[in-house]
Amino acid sequence: MSDKFTTHAEQASYGIGLQMGDQLKANPFDGLNLNAVFEGMKDAYTDADFQVEIPAIQAAFELINTEIQARQEEQAKVLAAEGEAFLADNAQRAEVTVTASGLQYEVLTTGEGEKPTAASTVRTHYHGTLVNGTVFDSSYERGQPAEFPVGGVIKGWTEALQMMTVGSKWRLYVPHDLAYGERGAGASIAPFSTLIFDVELIAIV
């Protein structure tokens with residue numbers, strides 16, 4: 001660690017910079033210029049004359065937002081196509097069952113317990129990945145099962161859980177329209193993502 005910032009004020013100031021950096025990193029755009037960011041911060045803080053007229057700044061924001069939206073829409077089309085191709089190939093496997101909704105599942109272990117209903121609350125272990133293998137969530141990795149209402153999760157889970165018996169473990173292949181659809185979920189799950197889950201139904205609680 002650096003000893004450049006030693007006072008509380010310096011360390012807090014550096015912390016503000018870290019927070020702003022995280023915000024910029026979470027919302028990047030082509031051509032982002034940190035020197036211009038620093039100049040704008042300095043001018044605002046010192047009440048200096050602005051170096052760019054406000055209408056020009058507003059127009060630049062609108063242009064950047066349009067570019068970002070177009071890029072996101074193109075990425076969504078690619079993800080949707082990749083997911084559809086993956087599911088089409090996966091459906092040809094003998095061990096995979098496809099339901100009327102388009103949900104695909106593979107039985108890894110069959111339990112002998114009861115089946116939950118849409119009104120049930122269940123305890124599960126699960127491991128979720130994108131079709132490229134990227135892990136976005138895993139109760140196994142956290143070492144702690146999760147409890148939730150069957151009717152309070154994504155559609156693919158709600159459908160599958162009501163077909164599973166306690167003690168079963170299934171692998172679910174969830175089309176985007178039965179997952180998070182055009183919204184996505186946070187930074188890890190982009191819009192129109194097909195998801196894969198290993199789900200172990202531990203108990204009805």
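Residue under question is residue 75, and the condition is that it be among the polar types (S, T, N, Q), in a helix (DSSP H, G or I) and modelled with pLDDT of 95 or more; does it hold?
Details: among the polar types (S, T, N, Q): yes; in a helix (DSSP H, G or I): yes; modelled with pLDDT of 95 or more: no.
Judged against the criteria, residue 75 is not a match.
Of the conditions (1) surrounded by fewer than 20 Cβ atoms within 10 Å (Cβ to Cβ); (2) under 15 Å from the mean Cα position of the chain (by Cα), residue 171 satisfies every one except a single condition; which number is it?
(2) is the only condition that residue 171 fails.
State which residue is farthest from the chain's Cα centre (by Cα) when the search covers only the stretch 85-113 and only residues that are modelled with pLDDT of 95 or more and of a type in the set (Asp, Glu).
95
Within the stretch 132-144, identify whether any single residue is surrounded by 15 or more Cβ atoms within 10 Å (Cβ to Cβ) and in a loop (DSSP other than H, G, I, E, B), and answer yes or no.
no
From the list 85, 70, 100, 60, which residue is in the same structural domain as residue 180 (by TED's automatic domain parsing) and either out of contact with any strand residue (DSSP E or B) (no Cβ under 7 Å at 6 or more places or on another chain) or in contact (Cβ under 8 Å) with a residue 40 or more places away in the chain (or both)? So that I can check it myself, show each step before the final result.
On the way: 85 fails: in the same structural domain as residue 180 (by TED's automatic domain parsing); 70 fails: in the same structural domain as residue 180 (by TED's automatic domain parsing); 60 fails: in the same structural domain as residue 180 (by TED's automatic domain parsing).
From the options 85, 70, 100, 60, the qualifying one is 100.
Pairs, please: C-beta under 6 Å, at least 6 apart or cross-chain, first residue assigned by TED's automatic domain parsing to the domain that holds residue 158 and within 19 Å of residue 150 (Cβ to Cβ) and in the stretch 175-200, second among the charged types (D, E, K, R) and assigned to a strand (DSSP E or B)?
Note: pairs meeting the criteria are 198/171; 200/169.
The values are calculated or read from the model by the stated rules, or taken from the named source; none is laboratory data. This one's a predicted model, so the numbers in the text were calculated from it and none came from an experiment. All Cβ positions, glycine included, derive from the backbone under ideal geometry; neighbour counts span all protein chains shown.
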